[in-house]
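Worksheet: the structure to be examined is printed underneath.
A short reminder: the numbers here are calculations on the coordinates, not readings from a lab. Quick caveat: nothing in here was measured; it's all calculated off a predicted structure. Note that we place each Cβ from the backbone using ideal geometry, even for glycine, and neighbour counts take in every protein chain shown.
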Amino acid sequence: MRHTLYSFRRCPYAMRARLALAVSLQSVNLREIVLQQKPAEMLAVSTQGTVPVLQLTDGTVLDESLDIMVWALEKSDPDGWLTSDLPEMLTLIDENDFEFKQWLDKYKYAERFSEYPVSYYRQQAEDFIFRLENRLLNKPYLFGQKISLADMAIFPFIRQFAGVDKSSFEQSPYPNLKIWLDSLIHSSLFEQAMEKYPLWLESGEQFSFP
Ligand SMILES: N[C@@H](CCC(=O)N[C@@H](CS)C(=O)NCC(=O)O)C(=O)O
């Protein structure tokens, strides 16, 4: 029997969970869902109604993406994603999840937040972007020479930021961040994490991931 992952391909939280499951080779049944029509099976095990949700075969439910990452990496961490300072990584990930993400959403959906122009939200979000750029001035990854949990937990959100207005991202002064993002987006692991699965609601079939 395999564990079950409720996932949504385009969700950055689900992406980070899939990245960790893929690198650690923890095989799950992936159930691709749509947020407008969450399956009763998922809501029965996690009432918070967010993806990703990992239901283990022993009944344990992990419904925070970071918990899923750490669970997978504690099983197997072949590339040493957990070897950097964990509390420091978690602090940076927290800034991503609770500060940057808010500005990112407002930047992305600026028409719904009309008290400020889009440029304002973009600038607020850029605070975090510049902090990452500074970290990357003298090293290829956020915590050194090797990919860590922090890189993989954060880059799906930076990818989203870059995609809001591609041409202004291209023209912006964060060269190291662009190289970092580009290398992660074009990695075979990300390609694997972004593979398309049919909607589970319609097919009911089991698809194993990775
Ligand atoms: N803290 C959660 C956040 C997950 C989250 O917010 N996921 C979004 C999709 S990207 C979601 O499921 N939102 C619920 C909805 O839109 O109905 C985690 O890290 O797993």
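Structure notes:
- Antiparallel content of DSSP bridges confined to the chain, in %, to 5: 60
- Helix 65-75 and the longest principal axis of the Cα set of the chain meet at an angle near 70°.
- Using 0.36 nm per residue and subtracting the Cα-Cα separation, the extra length available between Asp79 and His186 on full extension is 36.8 nm.
- Computed helical MRE - 222 nm, the chain, DSSP H runs ≥ 4 contributing -39500 (n - 2.57), nearest 500: -15000 deg cm²/dmol
- Close lysine pairs were tallied over the chain: pairs 8 or more places apart or on different chains with Cα atoms under 17 Å apart number 5.
- Inter-centroid distance (Cα atoms) of the stretch 15-78 relative to the stretch 81-95, Å: 20
- Local electrostatic count at Glu99 - Lys and Arg +1, Asp and Glu -1, tallied over other residues with Cβ under 11 Å: -2
- Rg/Rh for the stretch 86-187 (Cα atoms only, Rh after Kirkwood) is 0.96.
- If you take the Cα centroid of the stretch 111-151 and the Cα centroid of the stretch 152-185, the two points sit 8 Å apart.
- With Cα atoms, 0 to 90° folded angle of helix 149-164 axis to the chain main axis: 70
- Gain upon complete extension [Asp105, Ser203; 0.36 nm per residue less C-alpha separation]: 32.1 nm
- Average silhouette area of the chain, convex hull of alpha-carbon atoms, in square nanometres: 12.1
- Order by protection proxy (mean Cβ within 10 Å, highest first), peptides 114-125, 93-104: 93-104, 114-125
- Rounded to 10°, Cα long-axis angle of helix 118-135 versus longest principal axis of the chain: 90
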